[in-house]
Amino acid sequence: MRLSDLLSKAPDVTAAQVEGFLSDRPLGWGKHKRIRVGKVIHNFHCHECSDVRPFESADELSCLGVGDNQVSIDATLRCMVCRSSVETWFLVASTGLLHHRAPEVRVERYTENLRDRAERVDVAAGPFADLVKRAYLAYENGLGAGSVIYLRKIFEKVTWEVAEILGLETVKRNGNPRPFAVILEEVNSVRNIIPQRFSSDGYQLFRELSGIIHGDSSEAEALQKFKPCLQLVLGVVDEVNRDNVFAQAIDELGWNIENVGALAGEEV
């Protein structure tokens, strides 16, 4: 495997053995070197093309020495259709010495500057896309609790918004918000926003997110829990989006069904 193959899989942090790229000589701290390791290719949703496009690097990448077993690599990627460019950065580390002929390396850190020219393909669309992007950014910078804060924000926001749409009371007589657990239960009983597999205790997800934020988990544990928690939160968003699709379709067909939410959990 060439180093470009590994970089093209970022933010995947799985280690792999790659062909040597430092000419069997260590790259000193603060020293620069141009390396030819193949082209880095990432798929993004290109704003100019309004479609998913491959973005590729040049033949040479800029490599900066950080230590005996770490290098920093910068790569500018261009859309292969419209030539819009974005920037990516990788911190690459090895268990042994990087300048060996076949080092085992992994991407320890990955950051991208898409400059409003592109979006990640796997980022959720719709009104919560910005919060999902912020969550990913915090996660990739090693901020476990910080990344989960955005996930809880999404969960809370979608629940309160659906409650308002349904006309449910969200505040007490004294003006204070009603307990989130109560609102969630009422919303889900009408609109089925919690995926069926854990609908019996949808508040458990909120407890999990809150526990991470308030320090019940270490930062390492929070980072491990981020992706499964992300999938569950996006599952709630999908349920709401699916309900909206059903509602629009039924309205277009002219069916006289008042409780569209009852259909949200059915197979299609």
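The values are calculated or read from the model by the stated rules, or taken from the named source; none is laboratory data. Quantities reported herein were computed from a predicted structural model and do not represent experimental measurements. Cβ atoms come from the backbone with ideal geometry, glycine included; neighbour counts cover every protein chain shown. For the accessible areas, the whole protein counts, side chains as well, though only heavy atoms, and no ligand, DNA or RNA atoms are used. Shrake-Rupley method; radii C 1.70, N 1.55, O 1.52, S 1.80 Å.
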Please work out how much length the chain gains when fully extended from E164 to W89, using 0.36 nm per residue of separation minus the C-alpha to C-alpha distance, in nm with one decimal.
-> 22.8 nm
Taking θ as phi - 60°, what are the ³J(HN,Hα) couplings along segment 50-55 by the Karplus curve (6.51, -1.76, 1.60), each to the nearest whole Hz, with x for Gly and Pro?
-> 6, 7, 6, 9, x, 10
Evaluate the charge dipole of segment 128-253 about its Cα centre and quote only its size in Debye, nearest 20, assuming +1 on the Cβ of each Lys and Arg and -1 on the Cβ of each Asp and Glu.
-> 280
Among the lysines, which have Cα under 17 Å from the Cα of K9 when same-chain residues fewer than 8 positions away are ignored?
-> K39, K227
Compute the signed sum of charges (Lys and Arg +1, Asp and Glu -1) over the other residues within less than 9 Å, Cβ to Cβ, of L91.
-> 0
Once the dipole of segment 3-120 is set up with Lys and Arg at +1 and Asp and Glu at -1 on Cβ about the Cα centre, which of F90, A75, L27 lies farthest towards its positive end?
-> L27
Any idea what the dipole of the chain comes to, in debye rounded to 20, about its Cα centre with Lys/Arg Cβ at +1 and Asp/Glu Cβ at -1?
-> 1080
Considering only protein heavy atoms and a 1.4 Å probe, what is the carbon-and-sulfur percentage of the accessible area of the chain?
-> 48
Distance from the Cα centre of segment 158-185 to that of segment 15-81, in angstrom?
-> 49
Which whole-number value in Å² is the accessible area per residue of the chain, probe 1.4 Å?
-> 56
Counting DSSP beta bridges in the chain, what percent are antiparallel, to the nearest 5?
-> 100
For segment 44-164, give the magnitude of the charge dipole about the Cα centre (Cβ charges: +1 Lys/Arg, -1 Asp/Glu; no others), in debye to the nearest 20.
-> 120
Dividing the helical contributions, -39500 (n - 2.57) per DSSP H run of n ≥ 4, by the residues of the chain yields a 222 nm value, nearest 500 deg cm²/dmol, of -12000 deg cm²/dmol
Which shape class, rounded, prolate or oblate, goes with the chain when its Cα gyration tensor gives a ≥ b ≥ c as root eigenvalues, a/c under 1.5 marks rounded, and past that a/b bigger than b/c marks prolate?
-> prolate
Across segment 140-152, in residue order, what do the Karplus-derived ³J(HN,Hα) couplings come to in whole Hz, using 6.51 cos²θ - 1.76 cosθ + 1.60 with θ = phi - 60° and x for Gly and Pro?
-> 6, 9, x, 9, x, 4, x, 5, 6, 4, 5, 5, 5
Putting +1 on Lys and Arg Cβ atoms and -1 on Asp and Glu Cβ atoms, find which of S189, Y203, T170 reaches farthest to the positive end of the dipole of segment 136-216.
-> T170
So what is the diffusion coefficient of segment 3-120 in µm² per second by Stokes-Einstein at 37 °C and 0.692 mPa s, using a Kirkwood Rh over Cα pairs?
-> 227
